[in-house]
Amino acid sequence: MRLSGRIGLAVGVLVPLLVAGSGWIMVRLVAGDVHRQADAHLRQRAAEVQPAARDLLRAMANNRPPSVEEARQRHLFTAALDVGIRVVGPGDTVSGGPQPADSVPLPAAGSAARPVTVRAGGQSWRVLSVPVRGVRPAATGTLWLFAADTAGQAQITQVRRRVLTVALLTAPVAGAAAWLAATRLARPLLLLQRRAAGLDPRTSAARLDHTPTRVPEIDDLARTLQTVLTRYDEQAARTTEALATARSFSAAASHELRTPLMSMRIDLDVLAGDPAPEPAERAEVVADLRAGHERLLGLLVMLRTLAQGDLVEADAFGPVDLTDLVDAAVRDLRRDHPHLTVETGAAGPCVVPGWPPGLRSAVDNLLANAAVHGAGPGPVEVLLAPSPDGTSVRLTVADHGPGIPVAARADVFHRFHRRPDSPGSGLGLALVGQQAALHGGTVTATDRPDGRPGACFVLELPRAPGPLPRQRDWLTGTTTSG
């Protein structure tokens, strides 16, 4: 059932219920008003006939002649007018006017001091009892007054019927009116539904074009749909990037692993050959196998890290204390290269927003590059300090190696770029460049600031968080090798 039909049905059911409930309250109020009018009339008659009732009881108690009692009764009935009268004395009862039969039980005299309702034979009466006290106990009795409740019940019944009639008539009218109003009000929603139904993100780049309707719920729904479609586009783009990264990872791994695997296969054939190699030759082949294994392992680790950097999301970022991170990386470097001298320095707090695994990998690779390619007469110098303007943090790693020619400094950050005699995979500095771009920073290769031979790498990272780069293709980009 459409929304307009649901609204019409709900209103068609709810309005009669509300009318019936209001009518029930009205009937109760009308019944109260009718009873109050009848009760006021009974009290007025009671005040008027009470002296005549006292005279009648006194005549009955004094054994007056019948003519006197009859005269007193006529006077009593004349004063009663339109209400029924019943006088109950110690020895006799006198009644006249409209009232229930003597066989109908009446409430106790004390409980009817206020008017009550007595029903008999399908008719109801309002009954009031008034005590009549004389000088002697024989002249004491009870005066009962009766008023037929026929007019009041007819009025209440008429009100009840009119309420039911109004409730029955308002059901279809209210339902139809609500359906028409809901249909008109839901027209912008139908237009939005038609526009959204014609969109297919898989086959078209068209997106929801919504004109504000000044209906908050519909405009909010349109904005929600637009947000969902935007997120769909973002996730589709990220999925495409992930597929491209996976394909590039497979291609790069198969291409770069072919040579070391072939070399290891040759070494294995030599070890298994006949005649068996001499001990010295065997030791050389085993050492070559171990070096090849380490290179394969390092290559796979680097490719995986590059792929993770191309796919990392913003929710993985958080505050990173570079001081602690660099200290941990230097400790690991000294353990792996005990012959290497490393000098460190840090100035001030160095907290930046970043991806902890990526930043640690970048620092590790800068230090490993200095340890492998920058071995020289001096130590590896690591300095961490805020920039002069305080908006970023700079990590400087300087060595005493042969340095990097100016023409080759831009190429060292390309993947698989390495010197012919390099034992590395050619991915370490590419990973540093990826992390610098991912964190909105820069990395440069320069000469040592003191002019001595060697290379100096400066990694600068901003202290303020920024958006992730939309294009991340460090693993899928063009391969530069040397």
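One table, with the values for the structure above:
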item: Within region 315-340, tally of residues that are touching a strand residue (DSSP E or B) at 6+ places or on another chain (Cβ under 6 Å) and part of a strand (DSSP E or B); result: 3
item: Residue that is modelled with pLDDT of 70 or more, outside the structural domain of L29 (by TED's automatic domain parsing) and either under 35 Å from the mean Cα position of the chain (by Cα) or assigned to a helix (DSSP H, G or I) (or both), where the choices are L225, L164, L168, L257; result: L225
item: Complete set of residues in region 39-80 that are in contact with an Asp or Glu (Cβ under 6 Å, 6 or more places away or on another chain) and within 30 Å of S124 (Cα to Cα); result: R72, A79
item: Among residues of region 167-180, those that are farther than 8 Å from G12 by Cβ and surrounded by 15 or more Cβ atoms within 10 Å (Cβ to Cβ), counted; result: 4
item: Residue that is at pLDDT 80 or above, touching a strand residue (DSSP E or B) at 6+ places or on another chain (Cβ under 8 Å), assigned by TED's automatic domain parsing to the domain that holds T157 and surrounded by fewer than 16 Cβ atoms within 10 Å (Cβ to Cβ), where the choices are R54, R36, R43; result: R43
item: Failed condition for V372, given (1) over 25 Å from H414 (Cβ atoms); (2) more than 45 Å from the chain's Cα centre (by Cα); (3) among the β-branched types (V, I, T); result: (1)
item: Region 42-85, residues that are farther than 14 Å from W144 by Cβ and assigned to a loop (DSSP other than H, G, I, E, B); result: N62, N63, R64, P65, L81, D82
item: Matching option when the condition is under 21 Å from L429 (Cβ atoms) and touching a residue at least 12 places away in the same chain (Cβ under 8 Å), among L261, L289, L303, L271; result: L303
item: Any pair with Cβ under 9 angstrom, 6 or more apart, that starts in region 440-456 at a residue that is free of Cβ contacts under 8 Å to residues at least 60 places away in the same chain and ends at one that is among the acidic types (D, E) and part of a loop (DSSP other than H, G, I, E, B); result: R448/D399
item: Selection within region 425-482 - aromatic (F, W, Y) and modelled with pLDDT under 85; result: W474
item: Region 82-91 - residue that is of a type outside the set (G, A, S) and surrounded by 12 or more Cβ atoms within 10 Å (Cβ to Cβ) and, of those, modelled with the lowest pLDDT; result: P90
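Conditions tested, residue by residue: (1) within 60 Å of the chain's Cα centre (by Cα); (2) surrounded by fewer than 16 Cβ atoms within 10 Å (Cβ to Cβ); (3) farther than 30 Å from L359 by Cα; (4) not assigned by TED's automatic domain parsing to the domain that holds V432.
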residue	(1), (2), (3), (4)
R265	yes, yes, yes, yes
A276	no, yes, yes, yes
E284	no, yes, yes, yes
D288	no, yes, yes, yes
H293	yes, yes, no, yes
L296	yes, no, no, yes
A307	yes, no, no, yes
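The values are calculated or read from the model by the stated rules, or taken from the named source; none is laboratory data. Quantities reported herein were computed from a predicted structural model and do not represent experimental measurements. Glycine gets a Cβ as well: all are built from the backbone with ideal geometry, and neighbour counts include every protein chain shown.
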